1. Which number in (1) over 44 Å from the mean Cα position of the chain (by Cα); (2) under 23 Å from Lys129 (Cβ atoms) marks the one condition that Ala156 misses?
2. Output the qualifying pairs, or none if there are none: Cβ atoms under 6 angstrom, residues six or more apart or on different chains, first residue in the stretch 6-19 and surrounded by 10 or more Cβ atoms within 10 Å (Cβ to Cβ) and assigned to a helix (DSSP H, G or I), second residue modelled with pLDDT of 70 or more and of a type in the set (Asp, Glu).
3. I need the helices (runs of 4 or more DSSP H) fully contained in the stretch 159-233, keeping only those with at least 3 residues that are at pLDDT below 90 and surrounded by 12 or more Cβ atoms within 10 Å (Cβ to Cβ).
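The values are calculated or read from the model by the stated rules, or taken from the named source; none is laboratory data. In this text the structure is predicted, and so the values were computed from the model without any measurement. Here the Cβ is made from the backbone with ideal geometry for all residues, glycine too, and neighbour counts use every protein chain on show.
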Amino acid sequence: MEMSDSEEAASAPKRQKTEENLVTQAQMHAQTMQLHNLREDNDQLTCQVDAYKNENEVLKSEHTEAMTYKDNQLRTIQAAMEAMQKQMLEDQQKLKDTLEQMEKMRFSAEVASRIESATSAAIAREESKALAAEEKKSSSVEMAPPEKAEISEREAKLIGLIATFLHVHPFGAGTDYIWSYLQRLMPDIKSREIEELLQRLPSVFVQKFSGVGASIERRWNFTGYESSGAANS
């Protein structure tokens with residue numbers, strides 16, 4: 001059944017409106033789909049950004065841990081080196097002190113040995129001189145053999161100590177000075193005992209005078225290293 005011209009004219013606006021509605025709906029659907037796609041893209045980008053942030057944090061943390069480990073290792077090595085250097089300096093000082101002590105002991109032993117030898121030789125000369133004097137006196141008369149000069153253990157110790165003391169005082173020392181030294185080692189020693197012992201051994205100890213009048217000084221010298229002729233001159 002065909003529509004009349006009047007009916008067709010009346011339905012034309014309805015068709016146009018329907019078509020416009022369909023176009024609008026299509027546009028809205030397209031916009032909705034586009035918005036949905038944009039949201040998905042945004043979500044993906046957000047996830048990627050978060051992933052990059054996490055990865056960056058992990059890298060920063062690993063870098064920080066690596067730097068901290070290296071710093072700690074470096075400090076440990078430096079502390080170990082400082083400790084080794086300190087120990088080396090202490091060992092060097094100990095070695096130096098030991099060598100100096102050994103040198104002092106060697107020198108003291110050498111001096112003591114030389115003093116002992118010189119003292120023994122001087123005492124032997126005194127005994128020889130005493131024997132010669134006795135033989136000279138008894139050359140015309142038959143007499144008993146002269147006795148050797150007796151040296152007690154205490155006197156032998158005193159001779160060694162005095163010889164050691166005077167050895168380090170090449171310009172000599174007075175009786176009181178010698179007595180003040182010996183009193184630390186032998187509290188019961190008397191100044192008179194020292195004087196008498198020194199006078200008994202002129203080949204070992206010689207008294208020399210210096211100064212004039214009231215300022216005159218008497219000093220004892222150790223002559224154990226000198227020959228008998230030089231000691232008596």
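1. (1)
2. Going by the 6 Å Cβ cut-off, there are no qualifying pairs.
3. Details: elements: 175-185, 191-200, 228-232.
Where helices (runs of 4 or more DSSP H) fall fully within the stretch 159-233 and carry at least 3 residues being at pLDDT below 90 and surrounded by 12 or more Cβ atoms within 10 Å (Cβ to Cβ), they are 228-232.
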